[in-house]
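The block underneath contains the structure these notes are about, expressed in structure tokens.
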Amino acid sequence: MTDLLIVIGVIAALIALPHLILWIKLFFFEKKLTSFCHEKGYAVERISDPLPAAFFRRQGVHWVICAGAKKYHVTFCSAPHRLREYSFISSDEILIHHVIVLKIVGKTRMFSQLLDLPIVRNSKAGRIDLNTAVPDGDEKILLFYPVAKDVTWIAPSRGKCYLGNGDLFFNDYRFFTKSGFLDELEAPGKYLRHPKPWEEY
């Protein structure tokens, strides 16, 4: 019986460990962001706690940051397991894809070839709210930290697209990683490019 409890305890600890590490990262990141904004003289308003967003996908805006003439409404998102693909399929839903690939070397008479064989492939849905209305001229930010290996969205007229810092997606939200957003706050407007006509949806 004792051995069984030990095994159950070890399994529970392994499951909880990524979330504990994530919570610690988020705690210190929030401190760093607040300190950074205060040093720059930016006003920071904490609307709701971003830490539960990592676990419960809480909706709405978490921070509002006034950086000079720019005002950012920041919604928080994070990946407890970073080796995933997070795909925004609508303004309300995310799909989290988990694929484990076995690499096999196949050899022919002429050359060797590396083959990828997926041995685990599953997806689960998550909730997100990218429907917040903000005053004209304000920026809506989705801050993803820790960021997943791949972050994509399904553009209505273009299909699957990869997201990079400053990219616009659903309802004029801009995607940012931790470093990208700190760079943006360092020089407000750095990443706020407008999409080309062929990039619009």
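One residue stands out among those in region 63-96 that are farther than 23 Å from Leu33 by Cβ and among the hydroxyl-bearing types (Ser, Thr, Tyr): the one that is surrounded by the most Cβ atoms within 10 Å (Cβ to Cβ), which is Ser87.
Scanning region 117-146 for residues that are surrounded by 10 or more Cβ atoms within 10 Å (Cβ to Cβ) and modelled with pLDDT under 75 yields one hit, Arg121.
Residue-level analysis places Glu39 outside the set of residues that are surrounded by fewer than 16 Cβ atoms within 10 Å (Cβ to Cβ), part of a strand (DSSP E or B) and modelled with pLDDT of 85 or more.
Of all residues in region 76-97, those that are in contact (Cβ under 8 Å) with a residue 24 or more places away in the chain and under 19 Å from Phe169 (Cα atoms) have Cβ atoms under 6 Å from Cβ atoms of residues that are polar (S, T, N, Q) and part of a loop (DSSP other than H, G, I, E, B), 6 or more apart or on another chain, in Ser91/Asn131. Counting just the residues of region 150-201 that are assigned to a helix (DSSP H, G or I), at pLDDT 90 or above and among the hydrophobic types (A, V, I, L, M, F, W, C), which one comes out surrounded by the most Cβ atoms within 10 Å (Cβ to Cβ)? So, considering only residues that are assigned to a helix (DSSP H, G or I), at pLDDT 90 or above and among the hydrophobic types (A, V, I, L, M, F, W, C), the one surrounded by the most Cβ atoms within 10 Å (Cβ to Cβ) is Phe181.
The values are calculated or read from the model by the stated rules, or taken from the named source; none is laboratory data. Just so it is clear, the structure is predicted and the values come from calculations on it, not from any experiment. Here the Cβ is made from the backbone with ideal geometry for all residues, glycine too, and neighbour counts use every protein chain on show.
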